[in-house]
Amino acid sequence: MPFATTLAVNDQRLAAIAQQDARKDRAFAWLTGLAAWSVFFTLLATIGTMFWGGREAFSTFGFGFITSSTWDPVNLQFGAFVPIYGTLVTSVIALVIAVPISFGIAVFLTELAPSWMRRPVGTAIELLAGIPSIVYGMWGLFVLVPFLGEHVFPWVDANLGQLWLIGPVFRGPPLGVGMGTAGLVLAIMVIPFIASVLREVFLSVPSQLKESAYALGSTTTEVVWHIVLPYTRSASIGAIFLGLGRALGETMAVTFVLGNSFNFSPSLLDPGTSITATIANEFAEASISPLYESSLIALAFVLFMVVLAVLIPAKLMLRQLAKRAGT
Amino acid sequence: MKITLKQSVLAVCASLSMSLSFAAEITGAGATFVFPAMSRWSSDYNAATQVKVNYQSIGSGGGIAQVKAKTVDFGSTDAPLKPEELAAAGLVQFPSVIGGVVPVVNLKGINAGQVKLSGKVLGDIFLGKITQWNAPEIAALNAGLALPNVRITVVHRSDGSGTTFNFVNYLSKVNAEWKAKVGEGVAVRWPTGLGGKGNEGVAAYTKRINGALGYVELSYATLNKMSHISMQNAAGKFVQPTLDSFRAAAASADWKNSKDFYLVITDAPGAASWPITATNFMLMQKLPTSPERAKAALEFFKWVYANGSKSAEALGYVALPNELVAQINAYWIANLKY
Amino acid sequence: MSANSGQVAQSDSARQISKADFAERRYRKRKIINGVMLTLSAAAALFGLFWLGWILWTTLGKGAAAMSLSLFTEMTPPPGVESGGLANAIFGSMLICALGTAMGAPIGVAAGVYLAEYANHTKRGEAIRFINDILLSAPSIVLGLFVYGLLVKPFGGYSAIAGSVALALIIIPVVVRTTDEMLKLVPTQMREAALSLGIPLWKMNIQILARAAWPGILTGILLGVARISGETAPLLFTALGNQYWSTDLTAPMANLPKVINDFAMSPFEYWNSLAWAGAFLITLFVLALSLIARTLSAPKKADL
């Protein structure tokens, strides 16, 4: 019965192949799963290492590490208030400038610009988002700093600096470097990032909604204000928070133009320092003292926590929009 | 863009095998103070012997840490380690070259060497007590010079450095309030001013801000055509930072009686001495991870003492006097087993 | 009666006129607001584009001025020397980035495959995607410090490999994200067709899905490479730098971002011009990669 044996042999071979495939399937699933979970563990390991490295600083200074503004490498007294303040202030300034401009660009690209312009300008914005941050830092130092120092800051100091109540924020020597300059450079860096995300978000609004509004006689502004913005509210806020996360973690762009001073000053014209600039400047020589090194790693941990506090709500808000859009 | 696994594994294997054979590359790290000289010596030595000496200027503190951790073959520092520290870390220390820390100023209408300052006044400026260039304390020292009513912007180092160490060591010697309030070290808590990263950063900021007063090593000042300050030394005379005034300060130093060459020569006596002269020190392990590389490093230093003085002086450093070199040779023979 | 109706008629038409008047005024007000807001948004766009254009212009101008063949043939010079190029830095950057990509891209693609095929719509998958997005936006300096503690301190030396690992950690989340998105875009019918033919999962993934989504995945990798080629902070703590040409992976290696960082801040004019040339090169490289990535992904999107 040769045919039957052929069938039986075939069956055996098929069974063998099926077993092999099952094994390969398992191996494949296992390998890819390993890769995916390694991402998870990398983040945990990073946070853990930062916390572990910073434990000496935390245990020595306690909560005072965050509130003290003394950064004294000679007497090994480290308080991170000034760098934390600098990081937060420069990022807030960056957002205050970048958000309206990014909205303007996104609205321009989705509603205003003629269709032949939209693709190239949109592409240009995305390309600009890819310029390395060190270029922004260099441009800031060589071009913006002299410009601001000679033409803008003297005016600001003389006029805005004399106002009641908000004067101290604008008073100071026209050095050109300082927190205001760093905030401006950060803003310019973050604009293409937020603008391109906002553009994607605005484009996701179903055209039926907008067309219905137009059909009822709305002006473009009304469509944007009453339809697009409310629809994309969580995603827009999420995009802004992503930009904030980027600004908080930026190192090279600010180190060049911040001035690296640990003296606390509320003025935007005065130099300051940020967490990333402090770590980048001082890490190499800090290894001479375990407490010094631990303090810098503790700073990194604090930064990571601040970034997480910004990113997690952002992600949740973006997730909400995705759910609503049905993806 | 994506390299196949095979290619990358081959590349890794090839380079590992290359590095396992004797690497004709010595690594050193440390002071930015001596970076111009190290750089020039390194490329000249490479041209002569094919040996690469890769020096990274990450600051004296970094150099000390790296050589202690044995991650480099030699470290360089402007702040000498005390003999106890050296013994504890198993290191030897010897001078390499002498230079000077120079206060530099950017003031419209003022040329190099015109402004005179004393140590105490310099300290007061860096303390933030004197804030304008036409302050009476400065005017008192500069009769006949019209100083503008411009704000003084202090520029210091944002990273730890032996340049800072020598500078604040000098300020501590001549200004009691500085000593009490700030003290000395490779990095200090600056009462006022901006921080630039490295000598380069201080020079960059000083050049950009009118009224800025910073401190850099002479070669950075010379190469950048910056205006230096004339300082009053311990003998009361006002001197300019020149190779001769550095040499005078170095000559007054008592090397013979120093243990492990621990000696800071700021505020040196002598009518012609520059008050902020600094010595750069090299650190090496007594028990290195690679004796061949350590030996090669010593060969490099021998070459530097013999052939490096001309290029060093072209950059604003002073070569070590011959007696000192002899003393160093004896020290090597006594302390190093390779 | 007629007087009354006349009055009513008059007030009716008066009301109508005033209504029309009111509507007209209202409409004009809305038009004005619209005009103002749109002008503001156009002005904002112009303002933003102006700054960006200025940066690009400065980089192109100063960088192009410093361009010459010697950039690619000569090493980084010591201070005060008026000749020299960026050859060792360019090579070092390429090597470190290539290694980082070689290490990170496969892991990223594998993780993306897992997310899209095995963990899609599961809580597990959502958690990993969440974590991945956080890693994507993490400050690169923190990742650099992490690798420093892992690979530099214990092994006693800065090395190019440590630099590559740091860059790999930065590129992985980018590749994971884009691979995930691209695979999700492949229509389910393809999977169903393959499975109904009895093709095992692993074969389906590698030979069918990956091939379908390959341009998109490559785009993700290219964007990741663009991102890591400009990163400075992580390399400061891992690969450090080198004055010379080096192919030794276990030793410090020159790289373009660090050289730009050192040279840009220095007061030496020649070094400044080299820094601008380096910045110009990186910008061109990133722009080219982004353009290639866009052209690769665009037709795919149109198809779908």
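The values are calculated or read from the model by the stated rules, or taken from the named source; none is laboratory data. Values in this document were obtained by computation on a predicted structure and should not be read as measured data. Ideal geometry is used to build each Cβ from the backbone, glycine not excepted, and the neighbour counts take in all protein chains shown. Only protein heavy atoms, including side chains, enter the accessible area calculation; ligands, DNA and RNA are left aside. Shrake-Rupley method; radii C 1.70, N 1.55, O 1.52, S 1.80 Å.
Numbers below:
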quantity	calculated
Helix-derived mean residue ellipticity, 222 nm - over the protein assembly as shown, DSSP H n ≥ 4, -39500 (n - 2.57), to 500	-20000 deg cm²/dmol
q = 0.15, 0.18, 0.22, 0.27 Å⁻¹, segment A:3-53: log10 I(q)/I(0) [Debye, one scatterer per Cα]	-0.61, -0.70, -0.79, -0.91
Relative contact order [Cα under 8 Å, 6+ residues apart], segment B:63-206, whole percent	23
Whole-Å distance, taken between Cα centres, linking segment A:293-308 and segment B:272-314	38
Accessible area (Å², 1.4 Å probe, nearest 10) - C:Glu181	80
Shielding by partners - mean other protein chain Cβ count within 10 Å, residues of B:55-61	6
Accessible area, probe 1.4 Å, largest first, for residues C:Lys123, C:Lys258, C:Lys62	C:Lys123, C:Lys62, C:Lys258
Modelled FRET efficiency - R0 45 Å, B:Glu313 with A:Phe264, Cβ distances, 0.05 increments	0.55
For segment A:58-324, convex hull volume per residue from C-alpha positions, Å³	158
In the A-B interface, the accessible area buried, summed over both sides, Å² (probe 1.4 Å)	2000
Net +/- balance of residues flanking A:Phe301 in space, Cβ distance below 14 Å, scoring K and R +1, D and E -1	-1
C-alpha long axis of helix C:160-185 to longest principal axis of chain C, angle in °	40
Normalised contact order of chain B, rounded percent, pairs of Cα under 8 Å and 6 or more residues apart	24
Distance between modelled label sites at A:Leu209 and B:Thr192, nm, 7 Å Cα→Cβ extension	5.7
Descending semi-axes in whole angstrom, ellipsoid equivalent of segment C:130-270, from the Cα gyration tensor	39, 16, 14
Distance (nanometres) between label positions extended 7 Å along Cα→Cβ at A:Trp30 and C:Glu74	5.7
Surrounding net charge for C:Ala44, when Lys and Arg each add one and Asp and Glu each subtract one, Cβ distance under 14 Å	0
Highest average packing first - B:175-183, B:330-338, C:92-100, B:115-123, Cβ atoms within 10 Å	C:92-100, B:115-123, B:175-183, B:330-338
5 angstrom amide H check on C:Asn255, placed H, neighbours 5+ away	C:Asn242
Histogram of C-alpha separations across the protein assembly as shown, 20 Å bin width, %	13, 41, 30, 12, 3, 1, 0
Semi-axis lengths, Å, segment C:43-198, gyration tensor of Cα atoms, sqrt of 5 times eigenvalues	39, 24, 17
Solvent accessible area, Å² - C:Glu269, 1.4 Å probe, full protein context	130
Accessible area buried between chains B and C, both sides summed, probe 1.4 Å, in Å² to nearest 100	2900
Of A:Thr32, A:Thr70, A:Thr220, the one that fluctuates the most in a GNM where chain A has Cα springs shorter than 10 Å	A:Thr32
Over 28 Å between alpha carbons, listed pairs B:Lys52/B:Lys337; B:Lys108/C:Lys258; B:Lys82/B:Lys179; B:Lys256/B:Lys302; B:Lys179/B:Lys310	B:Lys108/C:Lys258; B:Lys179/B:Lys310
Rg(Cα) / (2.2 N^0.38 Å) computed for segment B:152-257, rounded to two decimals	1.11
A:Trp52-A:Ala8 FRET efficiency (beta carbon distance; Förster radius 51 Å; 0.05 resolution)	0.25
Neighbouring partner chain Cβ atoms per residue of A:73-82, average, 10 Å criterion	2
Largest to smallest accessible area among A:Arg55, A:Arg233, B:Arg40 [probe 1.4 Å]	A:Arg233, A:Arg55, B:Arg40
Test item: A:104-115 mean partner chain Cβ contacts at 10 Å	4
Rh by Kirkwood over Cα pairs, then Stokes-Einstein D for chain C at 1.306 mPa s and 10 °C, µm²/s	68
Inter-label distance, nm, simple model (7 Å from Cα along the C-beta direction), C:Arg30/C:Lys184	3.7
Kirkwood hydrodynamic radius of chain B, from inverse mean 1/r over distinct Cα pairs, in Å	20.9
Over segment B:161-272, relative contact order from alpha-carbon pairs under 8 Å, at least 6 apart, %	20
Residues whose placed amide H lies under 5 Å from that of B:Ala212, excluding near-sequence neighbours	B:Asn106, B:Thr153
Span from the segment C:199-239 Cα centroid across to the segment A:203-276 one, whole angstrom	29
Solvent-accessible area buried by pairing C with A, both sides, nearest 100 square angstrom, 1.4 angstrom probe	6900
Neighbourhood charge, 13 Å Cβ-Cβ cut-off, centred on A:Tyr136 and excluding it, Lys, Arg +1 and Asp, Glu -1	0
Accessible-area value, C:Arg30, 1.4 Å probe, nucleic acids and ligands omitted, Å²	70
Segment C:143-178 versus segment B:178-204: alpha-carbon centroid distance in Å	32
Accessible area, probe 1.4 Å, largest first, for residues C:Phe47, C:Phe237	C:Phe47, C:Phe237
Residue among C:Ala44, C:Ala160, C:Ala288 with the largest mean-square fluctuation in a Gaussian network model of chain C, springs linking Cα atoms under 10 Å	C:Ala44
Estimated FRET transfer efficiency (B:Lys337, C:Trp57; beta-carbon r; R0 51 Å; 0.05)	0.25
Table column - 3J(HN,Hα) (Hz), segment A:120-125, Karplus curve with 6.51, -1.76, 1.60, x for Gly and Pro	x, 5, x, 4, 4, 4
GNM result for chain A, Cα springs below 10 Å: residue of A:Ala124, A:Ala213, A:Ala35 fluctuating most strongly	A:Ala35
Accessible area of the protein assembly as shown belonging to carbon and sulfur atoms, whole % at 1.4 Å probe	64
